[in-house]
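*Asks:* Okay, handing you the structure first.
Throughout, read-outs are computed from the coordinates displayed, never taken from laboratory work. The model shown is predicted, which means the values in this text are computed figures rather than measured ones. So basically every Cβ, Gly included, is an ideal-geometry build from the backbone, and we count neighbours across all protein chains shown.
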Amino acid sequence: MKHFKMLAGAAIALSMTASAVVAQDMAFFRIGTGGTAGTYYPIGGLLANAISNPPGSRPCDQGGSCGVPGLVASALSANGSVANINAIAGGTLESGFSQSDVATWAYTGTGIWEGKPAVEKLRAIANLYPESIHLVASAESGINSVTDLKGKRVSMDEPGSGTLVDAKIIINGYGITEDDIDPEYLKPDQAADRMRDGAMDAFFFVGGYPAGAISELASQHDVKLIPITCEEAPKICEDFKFFGPDTIPGGTYEGNADSVNTLSVGAQWVTSADQPEELVYNITKALWNESTRKLLDAGHAKGKMITPDTALDGVGIPLHPGAEKFYKEAGLLK
């Protein structure tokens, strides 16, 4: 697993007096995210800020943090869904973000987890937002559909990522294998750099829009989004029920005025059954308080899509008992 790069919650920078530290226990809670150019990383930073309330901080009712008393949360840049789940299973992360499909496969020992030990202690905190599947092509590549990828230089994303899994499913659904393309396995920002230099024809990215790496690329290089639909490749949606129809609105990326139909999976916040029930209950409660709502609405375009109404959508693994307790109290779960 690649080196983790820490993005500490802003609350960690608050000064703490020795007496306050003694008076209140301090706990650390890491959130594994994705690459810095994607959506997981900034969303993870927002949530780390939201749930943090280090010892010595002002209480919520006095204008301070409305997070969990004594908690210091941090978002770590990582390799995405598969890497985060492996780290949770190994005890090197307390929590992380995962695509809904990858979480389900890991828990059940199916799909990409077939032949490997199932991660039976994997538990859900919340479904966050839909992750749109982006297939970005250089305008000069001659690519107008997934079938046009044959013979082209295509980045499928890096090993250990959920994007790589989905990219394989998609090209296979369109009757293409990795032998039919010139595949590379790069992070989105690296793939974008290669495309800018004329050394990459297309790349896959799964995440919320707008994605930083794609926005930056589109401002410097002519690119286009390629449609991915169940109508064109029905076997994808027949065999993999976690995919849903989605649309990337026109104007999301420079030079792409028209909306593009694609597919999406859910971005979910997962943890281990070994995490204390009271801690996860308090984290879930902090996730859905009014202070966090303001942070999410102001902090990222996808933040507005993180709502209690969709917190349980597409969750294919058990809820953590602490999260389950909160949702029952909130009337969101019977």
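*Asks:* Could you give the length gained by full extension between T36 and D222, i.e. 0.36 nm per residue of separation minus their alpha carbon distance, to one decimal place?
*Replies:* Working: separation 186, 0.36 × 186 = 66.96 nm, distance 2.25 nm.
Stretched fully, the T36-D222 segment lengthens by 64.7 nm.
*Asks:* Based on the Cα coordinates of the chain, what is the per residue volume of their convex hull in Å³?
*Replies:* Values: hull volume 45.6 nm³, N = 334.
Measuring per residue, one finds 136 Å³ for the Cα hull of the chain.
*Asks:* Can you work out ³J(HN,Hα) from phi for every residue in the stretch 311-317, in order, using Karplus 6.51 cos²θ - 1.76 cosθ + 1.60 and θ = phi - 60°, giving whole Hz and x for Gly and Pro?
*Replies:* Karplus-based 3J(HN,Hα) across the stretch 311-317 equals 5, 10, 5, x, 7, x, 10 Hz.
*Asks:* If you don't mind, another one. Give the cross-link partners of K302 among the lysines, using a straight C-alpha distance below 25 Å as the criterion and excluding same-chain residues fewer than 8 apart.
*Replies:* Once the sequence-local lysines are set aside, what remains near K302 is K5, K187, K224, K241, K285, K294.
*Asks:* Counting other beta carbons within 10 Å of each Cβ, put F243, F203 in order, fewest first. Don't skip to the end; give the middle numbers.
*Replies:* Working: F243 23, F203 30.
The most exposed by this proxy come first: F243, F203.
*Asks:* Taking the Cβ of S155 as the center, what net charge do the other residues with Cβ under 14 Å away carry, scoring Lys and Arg +1 and Asp and Glu -1?
*Replies:* Numbers: positive: K152, R153, K168, K187, R194, R196; negative: D157, E158, D166, E178, D182, E184, D189, D193, D197, D201.
In short, -4.
*Asks:* From Cα coordinates alone, what are the radius of gyration and Dmax values for the stretch 145-185 in angstrom?
*Replies:* So, for the stretch 145-185, Rg and Dmax equal 9.3, 26 Å respectively.
*Asks:* Hey, any idea what the orientation-averaged projected area of the convex hull of the stretch 132-264's Cα atoms comes to, in nm²? Provide the component values of the computation, followed by the final result.
*Replies:* Values: hull surface 27.6 nm².
So the Cα hull casts an average projection of 6.9 nm².
*Asks:* If you don't mind, another one. Considering every Cα-Cα pair within the stretch 209-334, what fraction, in whole percent, is farther apart than 25 Å? Walk me through the numbers on the way to the answer.
*Replies:* Numbers: 3431 of 7875 pairs.
Here the tail beyond 25 Å accounts for 44 percent of pairs.
*Asks:* Go ahead and estimate [θ] at 222 nm for the chain from helices alone: -39,500 (n - 2.57) per DSSP H run with n ≥ 4, summed, over the residue count, rounded to 500.
*Replies:* Numbers: 11 runs with 101 residues, N = 334.
Mean residue ellipticity, 222 nm, calculated: -8500 deg cm²/dmol.
*Asks:* Who wins for biggest fluctuation among A298, A73, A192 in a Gaussian network model of the chain, springs between alpha carbons below 10 Å?
*Replies:* Maximum among the listed residues: A298.
*Asks:* Now a separate question. In a shell of Cβ-Cβ distance under 14 Å around R123, excluding R123 itself, what net charge do Lys and Arg (+1) and Asp and Glu (-1) give?
*Replies:* On the way: positive: K121, K325; negative: E94, E120, D274, E277, E324.
Summing Lys/Arg as +1 and Asp/Glu as -1 gives -3.
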